[in-house]
Structure formats: C-alpha cells, structure tokens
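The values are calculated or read from the model by the stated rules, or taken from the named source; none is laboratory data. Worth saying up front: this structure is predicted, and the values here are computed from it rather than measured. Here the Cβ is made from the backbone with ideal geometry for all residues, glycine too, and neighbour counts use every protein chain on show. Surface accessibility is based on the protein's heavy atoms, side chains included, excluding ligands, DNA and RNA. Shrake-Rupley method; radii C 1.70, N 1.55, O 1.52, S 1.80 Å.
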Amino acid sequence: VSALLGLVVLLPLVGALACSLVPPRAATRTALAVSAATAGLVAALTLRVWEAGEVRIASAGYEPPLGISLVADGLSAAFLAMTAVVATAISVYASGTERARGGGMFWALWLALWSALNAVYLAGDLFNTYVALELMGLAAIGLVALAGRGALAAALRYLFVAVFGSLAFLLGVGLLYGELGTLDVAQVGASVERNAVATAALVLMTVGMALKSALFPVHGWLPAAHGGAPAAVSPALSALVIKASVYLAVRIWSTVLPGVGTPAAAHLLGALGAAAVVWGTLAALRQDRLKLVVAYSTVAQVGYLFLVFPLALAEGTPGDAARDGWAGALALGLSHGLAKAAMFMAAGTLALAHGSDRLAGMAGAAARRPVACATFAVAGISLAGLPPTAGFVGKWLVLQSSLATGQWWWAAVVLLGGLLTAAYVGRVLRVVFAERSPEDAPALRPVPARMEAAGLVLALLAVAMGLRALEVVRLLTAGSPFGMAA
Amino acid sequence: MTTPDVFLGVAVALVVLGTVRLLLTTDLIRQVVALNVAGAGVLLLFVVVAARGRDEPDPVPHALTLTGIVVAVSVTAVALGLARRVEQAEQAEQDEQAVQDGERDGTTGAEPEP
C-alpha cells in the first residue's frame with residue numbers, strides 16, 4: 001500500500017517522458033490514460049490516509065536520516081486529491097484543441113508539473129522538497145512560454161522569481177542541516193528549537209514561499225504569467241502551482257519548524273494576506289481583459305490562505321478555534337483550487353471563441369456560450385463565499401476562528417473581500433449578459449464541448465464540496481501535524 | 001578565524017551580491033548571471049557545512065551540492081534560452097515598427113535620415 005506514495009510521483013513522470021517521445025496524436029491519448037491512472041492512484045492513497053491518518057514509506061528500505069522518506073498525512077492527502085481532480089479536468093480540457101495547449105510540448109511539461117506537485121505534497125525530506133520545487137518551477141515556466149512571443153518576457157520574469165524563491169528555501173535547508181545534521185522533516189521537527197539559526201531558516205523559507213505564492217506585495221509577476229499563459233495552462237498555474245507553495249509555507253510553520261515562528265511574524269503574514277485580499281480585488285475590478293480579472297482574483301484569494309498563520313499557527317491560540325482557523329483557511333485553498341480552475345477554463349473557452357480575452361468584445365456571450373458563462377458564475381459564487389459552496393464553509397470557519405480568538409479584524413477582511421469578489425464577478429456577468437443585436441455580434445470560433453464540460457464539472461464540484469464539509473475538515477486535520485488539536 | 005569561517009563569509013557575500021544585483025538590474029543576461037552568483041553562494045554554504053566540526057568532511061552536503069549544480073545548470077540553460085527568444089521577439093517588433101514608420105514616410109525603414 002505504501003508503494004502508492006512512490007507511484008503517484010513516478011507515474012506522471014514516466015508519462016511525461018513517454019509523451020515527449022511519441023507523435024502528437026498518440027501523446028494526447030497517452031496523457032489522458034496517464035491522467036486517469038494517476039487520479040485512481042491518488043484516490044486509493046487518499047482513502048488509505050482517511051483510514052490510517054498517516055502513510056509513510058522509507059525508499060529502498062533505508063530509514064532516515066540515511067534514507068529518504070515519502071509521507072502523506074491528512075493535509076498532504078487533501079491537496080493531492082484536489083490536485084488530482086483539477087489535473088484530470090485540465091487534461092480533458094487540454095485534449096479539446098491544440099490552441100488551448102499552445103504547442104506540442106504541452107503534454108510532457110504538464111505531466112512533469114503534475115509529478116512535481118505530487119512530489120512537493122509527499123516529500124518527507126527537505127532536499128527532496130527543493131528538487132520538487134525546482135522541477136515544478138521549470139515545468140510551469142515552460143508551460144507559460146508555450147503561449148509564444150507575447151508571454152516570453154512574463155515567463156522569464158516568472159523564472160527569476162521562482163528560482164530565487166527556491167534558492168531562499170535551499171539556503172534555509174542548508175542552515176538547518178548545519179544546525180541539526182538531518183534533512184528528514186520529522187527529525188528536524190522533533191529536535192528544532194527557537195534560536196537564531198532556526199529563525200533565519202524560517203524567515204528565508206517563508207520569504208521564498210511568499211515569492212512563489214505571489215503574496216502581496218511580491219505579486220507583481222503573477223498577472224502577466226497567469227493571464228498570458230495558454231488556455232489550458234492558466235488553470236494549472238492559478239489553481240495548483242500557487243497552492244503547492246502555500247502548502248509548503250504552512251508545512252514549514254506547522255511540521256518542519258514548529259514553535260520557531262513568533263506570533264508577531266504570524267500576524268505580519270496575516271496582515272499581508274489581508275492587504276492582498278483588498279489590493280487584488282480592487283485591481284481585478286479595473287482590468288479590461290477577462291484573464292487578467294481572473295489572475296488578479298488569484299492574488300486576492302491567496303491572501304485568505306495566509307490567514308491560517310495568525311489564526312492557527314501563532315502561539316497561544318486556544319485549541320478549538322485554532323483548528324477551525326486551520327481547517328477553514330485550508331478548505332478555502334481546496335475550494336479555490338476547484339473554483340479558480342473552473343473560472344480560468346471558462347475564461348479560456350470564451351477567449352478562444354472570441355479570438356481575444358478583451359472584456360468589451362464579449363458582450364452578449366451568455367446567449368451564445370451559455371455553459372462557459374454559467375461556469376464562470378458558479379465558480380464566482382464559490383469564490384465570493386455564498387452558501388452552500390465550499391468557499392462559504394471555509395469562510396465560515398475562518399470567521400468563527402477569528403471571533404473566538406478575539407481577532408475580529410480578520411473577520412472584517414473576509415466579509416469585505418467577499419463583497420468585493422461579488423463585485424468583480426458581477427462586472428464580468430453584466431458584460432456577458434448584455435444584449436446585443438445579432439447583426440453586430442462577431443462570428444465565434446467553435447470550441448469543443450468537452451472543454452466547457454470540464455470547467456462546469458469543476459465549478460459544480462466546488463459547490464458539492466461545500467455539502468461534504470465535515471469530511472473535508474476531517475481529512476484536513478487527520479494525522480499529524482495538527483492531529484485534531486482539540 | 002578558521003578556514004570554514006572565511007568561506008562562510010564568502011558564501012554570505014555571494015548571496016548578498018547576487019541578490020542585490022538581481023533586484024537592481026534590468027538587463028536579462030546580467031540577471032541570469034546574478035542568479036548564478038547567488039546560487040553559488042548557497043551551494044558554498046553547503047560545502048562549509050560539510051567541512052565544519054568533525055575531522056572528516058560530511059559527504060551528504062557534498063552530494064546535495066552536486067544535485068544543486070545540476071539544477072543550476074538546467075535553470076541557467078532555460079533562462080538563457082528564454083532571454084534569447086525575448087530579445088529576438090523585441091528585435092522583430094522593432095523591425096516591424098521601423099517598416100511601418102518607413103511606409104508612413106514614403107521611404108523604406110532601412111534608409112538613413114536625410
């Protein structure tokens with residue numbers, strides 16, 4: 001059973017190699033088969049974690065510190081499962097048309113990216129985490145560059161930010177190894193104390209992950225990269241790649257270096273998150289390209305996830321409230337993964353149909369591309385956090401946690417952010433529902449039905465996840481690190 | 001001051017220099033070089049960690065450094081490839097602009113100003 005841990009990383013990687021070798025038509029079929037098989041493996045692994053709380057494997061039978069371990073607890077499993085659902089939908093979406101993929105290398109890069117994401121979630125060893133981060137970054141940069149001439153500068157800027165973030169992380173790893181003599185996450189977590197070296201490592205790793213997560217004020221690279229990427233790539237970047245670095249920041253604070261971060265630092269991260277919510281949403285309101293609206297929405301939504309630090313990972317917060325903050329903020333991460341992927345798919349479909357993602361040219365799209373517009377609306381409702389969506393459940397838990405810990409200001413940010421989100425979603429909907437006489441409507445290019453269906457399924461899953469909230473919370477708190485703090 | 005201490009200082013200096021340059025320059029090739037300088041500093045730190053303390057050097061950081069060099073070479077290759085294509089795209093854009101301007105003036109873009 002624990003071999004599953006290795007397989008969910010290995011299978012997409014082998015698939016990526018296979019896709020780079022076979023002719024294009026076969027590559028699509030291979031990639032779809034690999035996607036389905038990987039999703040199946042992740043489902044089996046998630047079930048196992050659901051029952052056992054934690055699954056680990058020491059590769060080749062060597063125990064740490066000599067060997068390298070792979071570990072899945074509830075937090076890993078929840079993000080692995082969300083990634084598998086979104087990734088399968090992206091594979092289906094990308095199989096629709098060559099224009100959505102951007103080029104022949106799409107499948108190899110995309111499966112390599114999926115493999116790297118899984119490796120980040122499962123790594124039980126800090127150096128392995130670094131290698132997975134770099135693989136993830138390189139694959140993501142290649143995918144952005146597939147969009148061609150207009151996206152090259154954005155891809156290069158993304159490279160500098162991503163590699164610099166990884167270097168900061170690696171520097172932290174080096175400091176920790178010098179101090180503790182081990183790279184195993186569990187061993188580091190058990191023996192680390194709050195001192196100058198551990199604090200420096202925490203700061204470096206957190207800064208690196210904040211850069212990669214595009215946390216305000218270092219979000220400047222994100223809109224161009226996510227907005228300029230091909231239609232099938234934007235959902236992967238916004239829904240999945242960003243989550244991996246946020247996951248890692250949470251993992252560092254909770255498991256690798258527990259007790260090293262000070263409450264002041266946790267509140268600073270929360271404050272930056274709050275600023276991101278306000279700034280990102282206001283910027284989203286002012287964009288005149290649909291994909292940039294969605295990209296700035298990601299800047300804002302990342303902010304909510306960083307509320308996990310003041311609510312759950314600052315010292316001295318009581319157990320129940322901290323658990324609510326943990327589960328709420330991370331559930332927001334999962335629901336954002338589903339909803340944002342759906343939203344970017346809808347935006348990509350509309351852009352492909354209209355030949356451009358200029359909002360002004362999409363007047364009346366609701367009558368002509370109803371499924372894509374409905375997907376955008378349902379995903380927007382989940383992002384704004386209206387019941388019964390998963391976004392609502394996450395925000396509700398965050399609200400409860402912030403009130404119970406006496407930090408009412410986070411609650412105010414969450415409520416204001418929800419209102420502003422509804423405003424920019426509403427602005428897009430007002431354009432696509434605008435009436436337009438049939439004569440001056442531009443001719444639409446056909447878009448395969450499966451592309452619209454993939455987005456709609458994800459948007460509906462974001463709603464369905466809200467109806468199974470208890471199970472989501474249980475999975476997020478299963479096993480270490482939070483281990484049901486109550 | 002022992003030898004590892006000296007190299008620790010060099011490592012920190014390299015990281016700081018590379019980081020500052022990366023943030024201050026807009027030239028793409030210089031940014032790639034600056035990233036490599038900072039990366040060299042990080043890897044040097046691993047070598048220092050290996051040399052510190054016990055009599056024999058610790059082999060684990062050496063292995064990590066080798067992996068780090070492989071990653072750095074791949075990243076640099078991708079960055080240089082992208083930088084080249086960015087500059088080609090900019091060049092092509094300028095040429096198109098020059099041709100358009102030339103058509104407007106009734107001359108070809110290549111001719112010098114009178």
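Which of the helices (runs of 4 or more DSSP H) found entirely inside segment A:311-405 contain at least 3 residues meeting this: farther than 16 Å from A:GLY455 by Cα and not hydrophobic (A, V, I, L, M, F, W, C)?
Of the helices (runs of 4 or more DSSP H) lying wholly inside segment A:311-405, those with at least 3 residues that are farther than 16 Å from A:GLY455 by Cα and not hydrophobic (A, V, I, L, M, F, W, C) span A:319-354, A:390-404.
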Selection within segment B:67-84 - open to solvent by 50 Å² or more (accessible area, probe 1.4 Å) and either more than 7 Å from every other protein chain (Cβ to nearest Cβ) or not β-branched (Val, Ile, Thr) (or both):
B:ILE69, B:VAL70, B:VAL73, B:ALA77, B:LEU80, B:ARG84
Spot the failing condition for A:THR129; the list is (1) of a type in the set (S, T, N, Q); (2) surrounded by fewer than 21 Cβ atoms within 10 Å (Cβ to Cβ); (3) within 14 Å of another protein chain (Cβ to nearest Cβ), and only one is missed.
(2)
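Residue-wise test of (1) in a helix (DSSP H, G or I); (2) touching a residue at least 40 places away in the same chain (Cβ under 8 Å); (3) surrounded by fewer than 16 Cβ atoms within 10 Å (Cβ to Cβ).
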{"position": "B:VAL10", "(1), (2), (3)": "yes, no, yes"}
{"position": "B:GLY18", "(1), (2), (3)": "yes, no, no"}
{"position": "B:LEU22", "(1), (2), (3)": "yes, no, no"}
{"position": "B:ARG30", "(1), (2), (3)": "yes, no, yes"}
{"position": "B:LEU43", "(1), (2), (3)": "yes, no, no"}
{"position": "B:GLU56", "(1), (2), (3)": "no, no, yes"}
{"position": "B:THR65", "(1), (2), (3)": "yes, no, no"}
If you check A:SER254 against the conditions, is it open to solvent by less than 10 Å² (accessible area, probe 1.4 Å) and either modelled with pLDDT under 90 or among the hydroxyl-bearing types (Ser, Thr, Tyr) (or both)?
no
I'm trying to understand the selection: among the residues of segment A:101-118, which are touching a helix residue (DSSP H, G or I) at 6+ places or on another chain (Cβ under 6 Å), of a type in the set (A, V, I, L, M, F, W, C) and buried (at least 24 other Cβ atoms within 10 Å of the Cβ)?
A:TRP107, A:LEU109, A:LEU111, A:ALA112, A:LEU113, A:TRP114, A:ALA116, A:LEU117
Test: residue in segment A:423-434 that is open to solvent by 20 Å² or more (accessible area, probe 1.4 Å) and among the β-branched types (Val, Ile, Thr):
yes
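Right, B:ALA34: part of a helix (DSSP H, G or I), more than 8 Å from every other protein chain (Cβ to nearest Cβ) and without any contact (Cβ under 8 Å) to a residue 12 or more places away in the chain or not?
No.
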Looking for whichever is surrounded by fewer than 24 Cβ atoms within 10 Å (Cβ to Cβ) and not polar (S, T, N, Q) here; the options are A:ALA295, A:ALA327, A:ALA346, A:ALA283. Which one fits?
A:ALA283
Given the conditions (1) open to solvent by less than 60 Å² (accessible area, probe 1.4 Å); (2) more than 10 Å from chain A (Cβ to nearest Cβ); (3) not acidic (Asp, Glu), and given that B:VAL47 satisfies all but one, which numbered condition is not satisfied?
(2)
Is it the case, given these coordinates, that B:VAL99 is more than 9 Å from chain A (Cβ to nearest Cβ), out of contact with any Cys (no Cβ under 7 Å at 6 or more places or on another chain), open to solvent by 30 Å² or more (accessible area, probe 1.4 Å) and of a type in the set (Val, Ile, Thr)?
yes
Residue check for A:VAL260: more than 23 Å from A:ALA346 (Cβ to Cβ), open to solvent by less than 10 Å² (accessible area, probe 1.4 Å) and outside any helix (DSSP H, G or I)
yes
Quick check, is A:SER245 within 18 Å of A:TRP326 (Cα to Cα) and part of a helix (DSSP H, G or I)?
yes
It is to be established whether one or more residues within segment A:305-318 are of a type in the set (D, E, K, R), at pLDDT below 95 and under 20 Å from A:ALA236 (Cβ atoms).
no
Name the residue, out of A:ALA198, A:ALA108, that is away from every other protein chain (no Cβ under 12 Å) and within 17 Å of A:ILE252 (Cβ to Cβ).
A:ALA198
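Results for (1) within 25 Å of B:VAL42 (Cβ to Cβ); (2) within 18 Å of the chain's Cα centre (by Cα); (3) of a type in the set (Phe, Trp, Tyr), shown as yes or no for each residue.
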{"position": "A:ARG194", "(1), (2), (3)": "yes, no, no"}
{"position": "A:VAL197", "(1), (2), (3)": "yes, no, no"}
{"position": "A:ALA210", "(1), (2), (3)": "yes, yes, no"}
{"position": "A:GLY220", "(1), (2), (3)": "yes, yes, no"}
{"position": "A:LEU248", "(1), (2), (3)": "yes, yes, no"}
{"position": "A:VAL256", "(1), (2), (3)": "yes, no, no"}
{"position": "A:HIS267", "(1), (2), (3)": "no, no, no"}
{"position": "A:ALA275", "(1), (2), (3)": "no, no, no"}
Which pairs turn up if I take residues in segment A:184-204 that are without any contact (Cβ under 8 Å) to a residue 12 or more places away in the chain and look for partners that are open to solvent by less than 60 Å² (accessible area, probe 1.4 Å) and not hydroxyl-bearing (Ser, Thr, Tyr) with beta carbon separation below 7 Å, at least 6 apart in sequence or on another chain?
A:SER191/A:LEU180
Answer from A:LYS395, A:LYS340 - the residue that is of a type outside the set (A, V, I, L, M, F, W, C), out of contact with any Gly (no Cβ under 6 Å at 6 or more places or on another chain), buried (at least 23 other Cβ atoms within 10 Å of the Cβ) and at pLDDT 90 or above:
A:LYS340
Can you pull out the residues in segment A:57-77 that are within 19 Å of A:THR46 (Cβ to Cβ) and open to solvent by 10 Å² or more (accessible area, probe 1.4 Å)?
A:ILE57, A:LEU70, A:VAL71
Hits in segment A:184-232 - residues which are open to solvent by 20 Å² or more (accessible area, probe 1.4 Å) and touching a Phe, Trp or Tyr at 6+ places or on another chain (Cβ under 6 Å)
A:PHE216
Exactly one condition in (1) under 30 Å from A:ASP288 (Cα atoms); (2) in contact with a Lys or Arg (Cβ under 8 Å, 6 or more places away or on another chain); (3) not aliphatic (A, V, I, L, M) is not met by A:SER213; state its number.
(2)
Checked against (1) over 22 Å from A:LEU146 (Cα atoms); (2) surrounded by fewer than 14 Cβ atoms within 10 Å (Cβ to Cβ); (3) facing another protein chain (nearest Cβ under 10 Å), B:GLN88 satisfies every condition except (1)
Flag for A:VAL144 being open to solvent by 20 Å² or more (accessible area, probe 1.4 Å), within 11 Å of chain B (Cβ to nearest Cβ) and in contact (Cβ under 8 Å) with a residue 60 or more places away in the chain:
no
Just the residues that are open to solvent by less than 10 Å² (accessible area, probe 1.4 Å) and of a type in the set (A, V, I, L, M, F, W, C), please, taken from segment A:169-183.
A:PHE169, A:LEU170, A:VAL173, A:LEU176
With the structure loaded, tell me whether B:ALA40 is within 11 Å of another protein chain (Cβ to nearest Cβ), under 20 Å from A:VAL131 (Cα atoms) and under 16 Å from the mean Cα position of the chain (by Cα) or whether it fails that test.
yes
